[in-house]
Amino acid sequence: MRSFLILNGPNLNLLGTRQPEIYGHTTLPDVEAMCAAHADKIGVMVCCVQSNHEGALVDEIHKARGTHDGIVLNAGAYTHTSIALLDAIKGCDAKIIELHLSNIHARESFRHKSYISPVAIGLICGFGAHGYILAMDALNNHLETGS
């Protein structure tokens, strides 16, 4: 059975209360429950992890090597700053989908640069919490078909 890591970065523990006009009212526990239910539906295992600490996210990516087939990564602000995450992904054999709740390209210009995109198989942004479902489906399809 395939295994996916749903990895969430800084401030995502505040989903539902932090800037709901941008990120929505869905909480992180709601997102994790949605991911678990969808994993059951598509026949994959899922592990959800959130950290506000860059090194902890790097550690999770390292641990994914040989454990998870794919990672749905919402790196939050680290998307735009973290060469450490880029390097960790380069050393990981799991496929990565970059995910953002908001459309980062319709926001401040500093959010337009991603260190994750060059090493991800795809990017999903702007669909709120439903983006996690879209990312899981895209990842599953990619692993099944190679495209």
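Of all the listed residues (His112, His68, His100, His105), the sole one being over 19 Å from Ser51 (Cα atoms) and touching a Cys at 6+ places or on another chain (Cβ under 8 Å) is His105. Residues in the range 10-26 that are surrounded by 15 or more Cβ atoms within 10 Å (Cβ to Cβ) and touching a Ser or Thr at 6+ places or on another chain (Cβ under 8 Å) were compared, and the one that is farthest from Thr79 (Cα to Cα) is Gly16. Of all residues in the range 85-94, at least one satisfies being small (Gly, Ala, Ser), without any contact (Cβ under 8 Å) to a residue 60 or more places away in the chain and in a loop (DSSP other than H, G, I, E, B).
A quick yes/no check of all residues on (1) at negative phi; (2) surrounded by 13 or more Cβ atoms within 10 Å (Cβ to Cβ); (3) assigned to a loop (DSSP other than H, G, I, E, B):
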| position | (1), (2), (3) |
| --- | --- |
| Ser102 | yes, yes, yes |
| Phe110 | yes, no, no |
| Pro118 | yes, no, no |
| Ile124 | yes, yes, no |
| Ile133 | yes, yes, no |
| Met136 | yes, yes, no |
| Asn140 | yes, yes, no |
| Glu144 | yes, no, no |
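Across the range 34-51, which residue is surrounded by the fewest Cβ atoms within 10 Å (Cβ to Cβ) among those that are under 16 Å from Glu144 (Cβ atoms) and touching a residue at least 60 places away in the same chain (Cβ under 8 Å)? So the residue we want is Ile42. Looking across the range 1-16, the residues that are under 12 Å from Pro29 (Cα atoms) and over 13 Å from the mean Cα position of the chain (by Cα) come down to Asn13, Leu14, Leu15, Gly16.
Every read-out reported here was derived from the displayed coordinates using simple, explicitly stated rules and does not represent laboratory data. All values reported here derive from a predicted model rather than from experimental measurement. So basically every Cβ, Gly included, is an ideal-geometry build from the backbone, and we count neighbours across all protein chains shown.
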